[in-house]
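All remarks here apply to the structure that follows.
The values are calculated or read from the model by the stated rules, or taken from the named source; none is laboratory data. All values reported here derive from a predicted model rather than from experimental measurement. Using ideal geometry, Cβ is built from the backbone for each residue, glycine included, and neighbour counts are taken over all protein chains shown.
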Amino acid sequence: MKLLVTGGAGFIGSNYIRHVLSAHPDCQVINIDNLTYAGNLENLNDVKSSPNYSFVKGDICDRKIIESLKFDAIVNFAAESHVDRSILDASPFLQTNIMGTHNLLEIARQRDCIFLHVSTDEVYGSTEKGFFSEDSPLQPNSPYAASKASSDMLVRAHVETFKIRAMITRCSNNYGAYQFPEKLIPLVIINALNRKPIPVYGDGMNVRDWIYVADHCRAVDAVLHSGRHGEVFNIGARNEMPNIEIIKLLLKKLAWRLDQNEDELLRLITFVKDRQGHDRRYAIDPSRIERQLGWKPQMSFEDGVSKTIEWYISNKQWWQRINSKEYMQYYDAQYGERLKK
């Protein structure tokens, strides 16, 4: 299989490429990424010399670039994904997440190739109790979630109207190596290492289901190879936890790992004004993928958090280059000015 992975220089996309090259030695992977602020080719330093891997600098909205590539299937990770940024300016989210997905769908339709669209549990909105199934109505509450719900509907429309071979995955919150420092878990780890305040929205009781990124990658791969076309699959680890408990667990593990005073790290917690439209609880039921494809998460949250902490401690240069924007300089010179936000 020749596989086009969009957004492969990002957090989940780069982990997925690494998984594919390891699990499927005969697969050819083309990574296309526009190298916006969260795209970082350093995420793939360990595979860049692989004969089965190639990189193309490009925007999924640029049809000519996509059409110039040869592939049998598309896995679409490319997206603007940070809720806070979507509240400040939704325009890039509409362009990439909606129009970019439409562009890829049209190419998939013309070539009759498989299209796997990677979405999010945020399209369902918030729930105080119970769990969302794949048949639950979409009720997005942020501009980011609305843009992803819109792209999901485009995929559905292309399946129903044009009978393309497409599937959708909707995953809960990911964590692990190479996650951009603006996200909760790396932000807590890095701020604690630097003895900086750790901001917590509202009362910190917003609940998310957390999944280790490698488990998510295995799930996406299972759907690509064995999922029924037209199907939607929720991907979750059944690991709900309030944000404040996540933060306290991280700080406890960091204190033990660094042989430091836990109370001193806990004092870094700083409650701030809640985010606009902050969903209270995400909760999805992953029974379909467990039942149909035999997938289940392999990494416990305790072990996954410990591995993640160890990775950020051992890879300070990676996140320091991001925080200083040094990582942008080489790629700006090689590929031209990237979007700086």
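A few remarks follow.
- Counted residues, the stretch 33-85 - those being surrounded by fewer than 18 Cβ atoms within 10 Å (Cβ to Cβ), β-branched (Val, Ile, Thr) and either assigned to a strand (DSSP E or B) or modelled with pLDDT under 95 (or both): 1
- Cys113 fulfils the conditions (1) farther than 23 Å from Asp279 by Cα; (2) at pLDDT below 95; (3) not acidic (Asp, Glu) except for a single criterion, (2).
- Verdict on Phe180 being surrounded by fewer than 17 Cβ atoms within 10 Å (Cβ to Cβ) and either touching a residue at least 40 places away in the same chain (Cβ under 8 Å) or more than 18 Å from the chain's Cα centre (by Cα) (or both): no
Condition check ((1) touching a helix residue (DSSP H, G or I) at 6+ places or on another chain (Cβ under 6 Å); (2) more than 17 Å from Trp295 (Cα to Cα); (3) of a type in the set (Gly, Ala, Ser); (4) modelled with pLDDT of 95 or more) across all residues:
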| site | (1), (2), (3), (4) |
| --- | --- |
| Met153 | no, yes, no, yes |
| Cys171 | yes, no, no, yes |
| Tyr175 | yes, yes, no, yes |
| Ile189 | yes, yes, no, yes |
| Pro197 | no, yes, no, yes |
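- Qualifying residue in the stretch 43-57 (condition: in contact (Cβ under 8 Å) with a residue 60 or more places away in the chain and either under 24 Å from Gly176 (Cα atoms) or of a type in the set (Phe, Trp, Tyr) (or both)): yes
- Qualifying positions in the stretch 184-218 - touching a residue at least 24 places away in the same chain (Cβ under 8 Å) and under 19 Å from Ser324 (Cβ atoms): Pro186, Ile189, Ile190, Asn191, Ala192, Leu193, Arg195, Lys196
- With respect to being in a helix (DSSP H, G or I) and of a type in the set (Phe, Trp, Tyr), Phe115 falls outside the description.
- Residue in the stretch 10-21 that is under 20 Å from Phe115 (Cβ atoms) and either part of a loop (DSSP other than H, G, I, E, B) or among the small types (Gly, Ala, Ser) (or both) present: yes
- Per-region count, the stretch 297-315, residues surrounded by fewer than 13 Cβ atoms within 10 Å (Cβ to Cβ) and part of a loop (DSSP other than H, G, I, E, B): 2
- Boolean, Ser147 is within 18 Å of Arg85 (Cα to Cα), modelled with pLDDT of 95 or more and in contact with a Leu (Cβ under 7 Å, 6 or more places away or on another chain): yes
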